[in-house]
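The values are calculated or read from the model by the stated rules, or taken from the named source; none is laboratory data. In this text the structure is predicted, and so the values were computed from the model without any measurement. Because the Cβ atoms are built from the backbone with ideal geometry, glycine has one as well, and the counts that use them run over all protein chains shown. With ligands, DNA and RNA removed, areas are computed over all heavy atoms of the protein, side chains included. Shrake-Rupley method; radii C 1.70, N 1.55, O 1.52, S 1.80 Å.
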Amino acid sequence: MPSPSPKTVAIVGATGAVGIEFLRCLTARNFPVKELRLLASARSAGKEIAFKEQTLRVQELTEDSFKGVDIALFSAGSGIAKKFAPAAIKAGAAVVDNSSAFRMDADVPLVVPEINAGEIKRHKGIIANPNCSAIISITPLWPIHKINPIRHMNIATYQAASGAGAAAMEELVESTRASLENRAYEPKVLPHPYAFNLFSHNADIDPATGYNGEESKVIQETRKIFGDPDVRISITCVRVPVLRAHAVAVTFTCERPITEQEVRTIVAKAPGVRLVDDRARNYFPMPRDASGQDDILVGRIRQDIGDPSGHSISLFSAGDQLLKGAALNAVQIAEYL
Ligand code: A2P
């Protein structure tokens, strides 16, 4: 196959927690970059960031930022995506957006390449990167779903600070330091004290249903990515005092009976995941081990003894929210483009 022609790539939100990982993924995966344009707010204009052997200067994001850009990787929130994606598309770029702005639009593909890469080609300018908890929860489940359809998932998330951005990671470090030094610390980014604490996910709660926005995203996005509007999902999302890498506990129920050995065999061969399931050492997926890793770690695979029919399995996964949950998934999409 001929090697792809080098592309001009823009990163919107280049100074953010995900933005920095875009640069690392482009380097690590040897993405054919002709020119890299780093865009952020006026606050960051002029800041220097290293990319391979070059030092690049961050530019202020404006509607004129996209001339000559082939691929624009956005990770600056929904408001910025809605405001600037049209300018990027008008300039001829394909946008891979990490925010929730366009995910549920019918003509926007919502893609986890291991699951539905085929969707990418129907894009009309924007491809959406799914919610990080959705990616980490469902990438290991897809190869099982293909063989024995999953009818119900019961998910509990343990979500790191990184999902709320660089400022939230800093808040976790600073508030932990303050707590150890017996100093008061007023939360600025997250709504509750974070050090030595955990709390229900900070996304807005729907007063009518009691579900928060993060939970609703996982439910809706999973159905769209699986192309299966009937999959039922029960979910509780929680923010835990971990810097990066989310963990999820999942119990799922299949159409037909399924054994833990079948699941272990499927997971061991699945792309994008790695089996970490050592009962002898009580060693299972941990955010510390998942941090900086491309693969989602999967383990604690066991028959759900709460379902004597043999249709249900429980497992525990951990995945780097900044990589597979965000930057890596977006760069994989860009590779297909
Ligand atoms: P900046 O660092 O200049 O504020 P995170 O998800 O880690 O919070 O990062 C958010 C990213 O979005 C940062 O790169 C941030 O840039 C960028 N951003 C925030 N507001 C704007 C804006 N008004 N215009 C362009 N980029 C923005």
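Annotations for the structure displayed:
- Matching entry among ALA117, ALA166, ALA156 (being small (Gly, Ala, Ser), more than 19 Å from TYR336 (Cβ to Cβ) and more than 16 Å from the ligand (Cβ to nearest atom)): ALA156
- Residue in segment 146-156 that is open to solvent by 10 Å² or more (accessible area, probe 1.4 Å), out of contact with any Lys or Arg (no Cβ under 9 Å at 6 or more places or on another chain) and without any contact (Cβ under 8 Å) to a residue 60 or more places away in the chain present: yes
- The criterion of at least 1 residues that are under 18 Å from ILE127 (Cβ atoms) is met, among strands (runs of 3 or more DSSP E) falling completely within segment 1-112, by 7-12, 71-74, 94-97.
- Qualifying residue in segment 24-35 (condition: away from the ligand (no atom under 15 Å from the Cβ), without any contact (Cβ under 8 Å) to a residue 24 or more places away in the chain and either open to solvent by 90 Å² or more (accessible area, probe 1.4 Å) or out of contact with any Ser or Thr (no Cβ under 9 Å at 6 or more places or on another chain) (or both)): yes
- Elements of type strands (runs of 3 or more DSSP E) contained in segment 209-305, each with 1 or more residues being more than 22 Å from the chain's Cα centre (by Cα) and not aliphatic (A, V, I, L, M): 246-254, 296-303
- Residue list for segment 240-272, filter: more than 21 Å from GLN303 (Cβ to Cβ), of a type in the set (Val, Ile, Thr) and open to solvent by less than 30 Å² (accessible area, probe 1.4 Å): VAL240
- So LEU56, is it more than 8 Å from the ligand (Cβ to nearest atom), without any contact (Cβ under 8 Å) to a residue 24 or more places away in the chain and among the aliphatic types (A, V, I, L, M): yes
- Listed conditions (1) without any contact (Cβ under 8 Å) to a residue 24 or more places away in the chain; (2) within 16 Å of the ligand (Cβ to nearest atom) are all met by VAL108, apart from (2).
- Segment 1-23: number of residues that are β-branched (Val, Ile, Thr) and near the ligand (Cβ under 8 Å from one of its atoms): 3
- Unmet requirement for PRO130, which otherwise passes all of (1) assigned to a loop (DSSP other than H, G, I, E, B); (2) open to solvent by 10 Å² or more (accessible area, probe 1.4 Å): (2)
- Against the numbered list (1) acidic (Asp, Glu); (2) open to solvent by 10 Å² or more (accessible area, probe 1.4 Å); (3) in contact with a helix residue (DSSP H, G or I) (Cβ under 7 Å, 6 or more places away or on another chain), GLU53 comes up short only at (3).
- Note on segment 82-93: among residues that are within 16 Å of the ligand (Cβ to nearest atom), free of Cβ contacts under 8 Å to residues at least 60 places away in the same chain and farther than 18 Å from ALA327 by Cβ, the one that is farthest from the chain's Cα centre (by Cα) is ALA87.
- Filter pass, ASP204 being of a type in the set (D, E, K, R), modelled with pLDDT under 95 and more than 16 Å from the ligand (Cβ to nearest atom): no
- Neighbours by Cβ (under 8 Å, 6+ apart or cross-chain): first from segment 322-336, touching a residue at least 40 places away in the same chain (Cβ under 8 Å); second among the aromatic types (Phe, Trp, Tyr): ALA327/PHE22; ALA330/PHE22; VAL331/PHE22; VAL331/PHE31; ALA334/PHE31; GLU335/PHE31
- When VAL96 is tested against (1) within 16 Å of the ligand (Cβ to nearest atom); (2) surrounded by fewer than 21 Cβ atoms within 10 Å (Cβ to Cβ), just one condition goes unmet, and that condition is (2).
- Within segment 59-81, being touching a Phe, Trp or Tyr at 6+ places or on another chain (Cβ under 9 Å), open to solvent by 20 Å² or more (accessible area, probe 1.4 Å) and more than 12 Å from the ligand (Cβ to nearest atom) holds for no residue.
A quick yes/no check of all residues on (1) charged (D, E, K, R); (2) open to solvent by less than 20 Å² (accessible area, probe 1.4 Å); (3) over 24 Å from LEU323 (Cβ atoms):
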position	(1), (2), (3)
ALA161	no, yes, no
ALA168	no, yes, no
PRO191	no, no, yes
ASN202	no, no, no
PHE226	no, yes, no
